[in-house]
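**Student:** Handing you a structure now.
Readers should treat all values here as calculations from the given coordinates under stated rules, not as data from a laboratory. None of these values were measured; they are calculated from a predicted model. Cβ coordinates were reconstructed from backbone atoms using ideal geometry, including for glycine residues, and neighbour counts include every protein chain displayed.
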Amino acid sequence: MLLAFCGLATASFAQQAEESYPTLKRSVITNRFWDNWFISAGVDHLAFYNSAEHGKDLNKNPFWTGRRSWNFDLSVGKWCCPNVGFRVKGMGAWGTLVLSPEGGLNPTYSQWSVSVQPMVNLTNLIGGYKPRWWEISLYAGAGVQRNCSSSNYSVLADFGVLNTWNVTKRFHINLDVFGRMLECSSDFVKGYSYNDWEGTSHNYFQSRDWIVGFSAGVGVNLGKVGWDAAPDMDAVLANHKSQIDALNAAIAGLEGENADLKNKLKNQPTREVVKTVTEFYTTKASVFFNLNSSKIASRKDLVNVQEVAELAKAHNKRILVVGSADSKTGNAKINDPLSERRAKAVVEELVKMGVSRDMIDWEARGGIDDIAPYTYNRRAVVSLK
């Protein structure tokens, strides 16, 4: 049931968003089902308290040799989200008989147990998710314990606090402090029920066997570790709309320029053809790009670039390509190389159009704020020199 829950939780989230998208502060995207699993192993110090020892003057110290023992544990679990997970923990070796069936002190008996423990990462729940060196988790679970010496099974309930120190992304150290409640005959010493202890009524917890202890161990994380921030879809859609509006406005402006130029060429007398061509040399063609991208947003922009390329080849003119980014997003460390890549992307298109690479000059302006809206600054401008 827990595995099915984790599978449904994983499938309910969207795929990982691009890093350039705006993100929500306290929301994350879960990964695939097989990510964020872990395996851990540890050594346990246990102290046993028997229900039959009530009223007897026995040492209560959990480190007293008469009640302590050592065990080993192995856990397999998964974090379904930064706050909630589960693990299956197996533990076994020896238990100490505080009282023997005959009423005296006795050393140890062999036993093993297994329990399923839902967990809550208290650190992420309170402080929000982010990679941390130290994390604290609370858990409570239920399972079964077998006394191998008496072939006796007992239902158990356990709870505890798990401290995790993340040494690396894959490797962690654990300190688990826990308590466990079992049926009164778990160690095959007959205890007293809550209404049958020396003729006196006692509460439910006094009629149970108890174990308290701690475990120190190490663990390994499996699959992809951690979670990505969830994209702010309202901001993403608004950003896309502004980009589309900017591209549509740029296309409309270029179409208007083309229509004006065609009319001028059509109405010019033959003797003024040379003059008309000379005026066209000063015309600039803009190629627009999306946010944080050097891939040309629309191939339609290359129609005007083609005309500039043909004029350059026909009149042996040099071409200048100037790349830029908008200064309102990113910083110089991002925008400088981005504007360079945009300029080079247009240079490669000119070469494909038959322009000699030796006849092309290019510049990178970095982040600018020359025109409005600011998204128009994400472009490369082509002109004749």
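**Student:** Once the Cβ-Cβ distance between Tyr49 and Val116 is put in as r, and R0 is 25 Å, what FRET efficiency do you end up with, to the nearest 0.05?
**Tutor:** Between Tyr49 and Val116 the formula returns 0.60.
**Student:** Setting aside same-chain residues fewer than 8 positions from Lys60, which lysines have a Cα under 30 Å from its Cα?
**Tutor:** Qualifying lysines at Cα under 30 Å: Lys89, Lys190.
**Student:** Between Val351 and Trp34, what is the label-to-label distance in nm when each label sits 7 Å out along the Cα-to-Cβ direction?
**Tutor:** Label at Val351, label at Trp34, 4.2 nm between them.
**Student:** Loop-only check: which chymotrypsin sites (Phe, Trp or Tyr not before Pro) in the range 107-146 are DSSP coil with at most 16 other Cβ within 10 angstrom?
**Tutor:** Passing both the DSSP loop test and the Cβ count: Trp133.
**Student:** Starting from 0.36 nm per residue, how many nanometres of slack lie between Ile126 and Phe171 once their C-alpha separation is accounted for?
**Tutor:** Extra length available between Ile126 and Phe171 comes to 13.8 nm.
**Student:** How about the range 54-83: which trypsin sites (Lys or Arg not before Pro) there lie in a loop by DSSP and see at most 16 other Cβ atoms within 10 Å?
**Tutor:** Lys56, Lys60
**Student:** What residues of the range 304-332 lie in the reach of a label at Lys262, counting those whose backbone N is under 19 Å from a point 7 Å from the Cα along Cα→Cβ?
**Tutor:** Residues passing the 19 Å test: 304-311.
**Student:** In addition: Based on the Cβ-Cβ distance from Val155 to Thr65, what FRET efficiency comes out when R0 is 30 Å, to the nearest 0.05?
**Tutor:** Efficiency for this residue pair is about 0.60.
**Student:** Show which lysines lie in cross-link reach of Lys317 when reach means a straight Cα distance below 30 angstrom and same-chain residues fewer than eight apart are skipped.
**Tutor:** Result set, ordered by chain and number: Lys262, Lys264, Lys266, Lys275, Lys284, Lys295, Lys300, Lys344, Lys352, Lys385.
**Student:** Given charges of +1 on the Cβ of Lys and Arg and -1 on the Cβ of Asp and Glu, with all other atoms neutral, how large is the dipole of the range 301-345 about its Cα centre, in debye to the nearest 20?
**Tutor:** Result for the range 301-345 is approximately 180 debye, rounded to the nearest 20.
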